[in-house]
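Enquirer: Pasting a structure below so you can have a look.
The values are calculated or read from the model by the stated rules, or taken from the named source; none is laboratory data. All values reported here derive from a predicted model rather than from experimental measurement. Here Cβ is always computed from backbone atoms with ideal geometry, including for glycine, and neighbour counts include all displayed protein chains.
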Amino acid sequence: TGRLLSDLGARVVLAEPRAGSRLRRLGPFPGPDPYPDTSLIDSELLDRGGLHLALNAGKESVALDPGSEADRSRLAALARGADLLLGSHAPADLGPLGVDLEGLEAQHPALVYAAATAYGWEGPHAVRRSSEIADYATGGSMYFCGSPEREPLMVHSYQAELHAGMHLALGALAALREARASGRGQRVEVSAQEAMISDQVWLGSSWQWGGAVWRRRGTGLIPCKDGAVIWGRAGPEVFLMIGRPELMEDPRAQSQEGWLAWLPEVRRMLTEWAADHPMQELYHLGQALGLKMTPVNTVAELDESAQLRERGWWRRLDHPRAGAVEVPGPPWRLSGADSGPGGPAPLLGEQQELALPPRRPRAPAAAAEEPALPLAGLRVIEVTSAWAGPLAGRH
């Protein structure tokens, strides 16, 4: 969440423990062992972890000890100079961290507090601990991933937490818009479980409206000589690819029922042909034939992607300890300005003496009889298709 807001121009201060935030220890680290035992991570490695360099790019760092009265006072002073306080805890759990949220809100009525947790702040599961795989499983996404004849699989790399963070950024921006207009801050919570369910909206729709439980259908991968491709639209044009154009006239290719019955055999023919052909050949030939065939890229191949390079998505940053590094860019492009990151990830405590002048309090506007949502009055015309546009309009 903080990285997304920083990319849009916000000044984001990472208030982390004196020993460094957990993110700094997650790696991957340079050298022969990208994920060493945490006891072997020294002060220099804390500044060179891959996730830290990517997700904390553009931020500042102040290291604080929640057990120190002086540091708790410093955190409160920083919060009084902020518009938004981001966290990972329900308000009731902030005390041990040295955060008196109610006291801050009394002194700074426009302050917004936003936090993502596994199950939200209320409900029978609110106090339960979770993990990435548990978030993915309880959010319904894991059940339909993998092969039908095998157990469910999870997607790699903290997808549940990252999805929750994206939703939290949206909610926080909406609350900040309202706070600027009315002078009244509010609390924003995101449940990782609910974020995953929301992002897989067809799961709930299939059950609520059709009583259907989405089943695992396999990956749809077509192995080839040096990798694999995904075959997105299975049309008879595939016979032109494999050098069997006469099969396009087969009666089984002339009706939907016949084609669907024939499809497993067609897939077998494509798989046999693809074993002797490179991934990029399948990709470009499939696209030319309208087959929606796409490569299954490794990260190394994404690094070399002409598409991403042309769009300037990879961002090169000079870090004082890691040297020249490239990090992912933001997920959007704005025509009016070049969005972040504005600089490299900070060293631990790099801005240790930072002080933010308090935001000048102003009298909140009179509350309406019927509370309005932050975007009430905004007019949107939606001309979209598929999934991304409708989801944006819905939110």
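Enquirer: Could you pull out the residue among 182, 198 that is under 14 Å from the mean Cα position of the chain (by Cα), more than 26 Å from residue 52 (Cα to Cα) and surrounded by 17 or more Cβ atoms within 10 Å (Cβ to Cβ)?
Expert: Answer to the check: 198.
Enquirer: Does the stretch 114-128 contain any residue that is over 26 Å from the mean Cα position of the chain (by Cα) and either buried (at least 20 other Cβ atoms within 10 Å of the Cβ) or not polar (S, T, N, Q) (or both)?
Expert: Yes, that holds for at least one residue.
Enquirer: While we're here: Note down all Cβ pairs under 6 Å where the first residue falls in the stretch 328-342 and is more than 17 Å from residue 392 (Cα to Cα) and assigned by TED's automatic domain parsing to the domain that holds residue 165, the second is modelled with pLDDT of 90 or more and hydroxyl-bearing (Ser, Thr, Tyr), and they're at least six residues apart or on different chains.
Expert: Final answer for the pair search is 340/6.
Enquirer: I need the full set of residues from the stretch 6-28 which are in contact with a Ser or Thr (Cβ under 7 Å, 6 or more places away or on another chain) and among the basic types (Lys, Arg), in order please.
Expert: Going residue by residue through the stretch 6-28, those that are in contact with a Ser or Thr (Cβ under 7 Å, 6 or more places away or on another chain) are 7-8, 12, 14, 16, 25.
25, the sole residue that qualifies.
Enquirer: Mind checking which pairs have a first residue in the stretch 208-226 that is part of a loop (DSSP other than H, G, I, E, B) and a second that is loosely packed, with under 10 Cβ neighbours inside 10 Å, Cβ under 7 Å, 6 or more apart or different chains?
Expert: So the pair list comes out as 215/148; 216/148; 217/148; 218/148; 225/276.
Enquirer: For the stretch 326-347, how many residues meet the condition of being of a type outside the set (Val, Ile, Thr) and surrounded by 14 or more Cβ atoms within 10 Å (Cβ to Cβ)?
Expert: Total meeting the criteria: 12.
Enquirer: With respect to residue 190, determine if the residue is among the β-branched types (Val, Ile, Thr) and touching a Pro at 6+ places or on another chain (Cβ under 7 Å).
Expert: The answer is no for residue 190.
Enquirer: Let me ask another. Considering every residue within the stretch 59-66, establish whether at least one is buried (at least 18 other Cβ atoms within 10 Å of the Cβ), of a type in the set (S, T, N, Q) and touching an Asp or Glu at 6+ places or on another chain (Cβ under 7 Å).
Expert: For the stretch 59-66, residues buried (at least 18 other Cβ atoms within 10 Å of the Cβ), of a type in the set (S, T, N, Q) and touching an Asp or Glu at 6+ places or on another chain (Cβ under 7 Å): present.
Enquirer: Is it fair to say residue 242 is of a type in the set (A, V, I, L, M), touching a Gly at 6+ places or on another chain (Cβ under 6 Å) and touching a residue at least 12 places away in the same chain (Cβ under 8 Å)?
Expert: Considered against the rule, which asks whether it is of a type in the set (A, V, I, L, M), touching a Gly at 6+ places or on another chain (Cβ under 6 Å) and touching a residue at least 12 places away in the same chain (Cβ under 8 Å), residue 242 comes out as no.
Enquirer: Here are the criteria: (1) closer than 20 Å to residue 296 by Cα; (2) surrounded by 17 or more Cβ atoms within 10 Å (Cβ to Cβ); (3) out of contact with any Phe, Trp or Tyr (no Cβ under 6 Å at 6 or more places or on another chain). Tell me which single one residue 217 does not satisfy.
Expert: Going through (1) closer than 20 Å to residue 296 by Cα; (2) surrounded by 17 or more Cβ atoms within 10 Å (Cβ to Cβ); (3) out of contact with any Phe, Trp or Tyr (no Cβ under 6 Å at 6 or more places or on another chain) one by one, residue 217 breaks only (2).
Enquirer: For the stretch 151-162, state whether one or more residues are part of a loop (DSSP other than H, G, I, E, B), farther than 25 Å from residue 389 by Cα and more than 20 Å from the chain's Cα centre (by Cα).
Expert: Yes: one or more hits.
Enquirer: Hey, another quick one. Right, residue 244: at pLDDT 95 or above and surrounded by fewer than 17 Cβ atoms within 10 Å (Cβ to Cβ) or not?
Expert: Here the answer is yes, as residue 244 does meet what is asked.
Enquirer: Is it fair to say residue 165 is small (Gly, Ala, Ser), in the same structural domain as residue 129 (by TED's automatic domain parsing), touching a Leu at 6+ places or on another chain (Cβ under 8 Å) and part of a loop (DSSP other than H, G, I, E, B)? Lay out the reasoning, then the answer.
Expert: On the way: small (Gly, Ala, Ser): yes; in the same structural domain as residue 129 (by TED's automatic domain parsing): yes; touching a Leu at 6+ places or on another chain (Cβ under 8 Å): yes; part of a loop (DSSP other than H, G, I, E, B): no.
It is false that residue 165 is small (Gly, Ala, Ser), in the same structural domain as residue 129 (by TED's automatic domain parsing), touching a Leu at 6+ places or on another chain (Cβ under 8 Å) and part of a loop (DSSP other than H, G, I, E, B).
Enquirer: Pick out the one residue from 270, 263 that is exposed (fewer than 14 other Cβ atoms within 10 Å of the Cβ) and either out of contact with any Leu (no Cβ under 8 Å at 6 or more places or on another chain) or in a loop (DSSP other than H, G, I, E, B) (or both).
Expert: So the residue among 270, 263 that is exposed (fewer than 14 other Cβ atoms within 10 Å of the Cβ) and either out of contact with any Leu (no Cβ under 8 Å at 6 or more places or on another chain) or in a loop (DSSP other than H, G, I, E, B) (or both) is 263.
Enquirer: Test residue 202 against the stated conditions and say whether it is closer than 30 Å to residue 374 by Cα and without any contact (Cβ under 8 Å) to a residue 40 or more places away in the chain.
Expert: Details: closer than 30 Å to residue 374 by Cα: yes; without any contact (Cβ under 8 Å) to a residue 40 or more places away in the chain: yes.
For residue 202, the condition - closer than 30 Å to residue 374 by Cα and without any contact (Cβ under 8 Å) to a residue 40 or more places away in the chain - is met.
Enquirer: If you go through the stretch 149-167 one residue at a time, do you hit one that is touching a Gly at 6+ places or on another chain (Cβ under 7 Å) and either surrounded by 17 or more Cβ atoms within 10 Å (Cβ to Cβ) or at positive phi (or both)? Spell out how you get there, then give the answer.
Expert: To start, the set of residues in the stretch 149-167 that are touching a Gly at 6+ places or on another chain (Cβ under 7 Å) comprises 152-153, 160.
Still in the list and also either surrounded by 17 or more Cβ atoms within 10 Å (Cβ to Cβ) or at positive phi (or both): 160.
Yes, that holds for at least one residue.
Enquirer: Select from the stretch 236-255 the residues that are out of contact with any helix residue (DSSP H, G or I) (no Cβ under 7 Å at 6 or more places or on another chain) and over 16 Å from residue 274 (Cα atoms) and list them in ascending order.
Expert: Within the stretch 236-255, 246, 249, 250, 254, 255 qualify.
Enquirer: Of all residues in the stretch 376-395, count the ones that are of a type in the set (Val, Ile, Thr) and surrounded by 10 or more Cβ atoms within 10 Å (Cβ to Cβ).
Expert: The number of residues fulfilling the criteria is 1.
Enquirer: Could you please find all residues in the stretch 247-260 being touching a Phe, Trp or Tyr at 6+ places or on another chain (Cβ under 9 Å) and either loosely packed, with under 13 Cβ neighbours inside 10 Å or not in a helix (DSSP H, G or I) (or both)?
Expert: Of everything in the stretch 247-260, just one residue is touching a Phe, Trp or Tyr at 6+ places or on another chain (Cβ under 9 Å) and either loosely packed, with under 13 Cβ neighbours inside 10 Å or not in a helix (DSSP H, G or I) (or both), namely 250.
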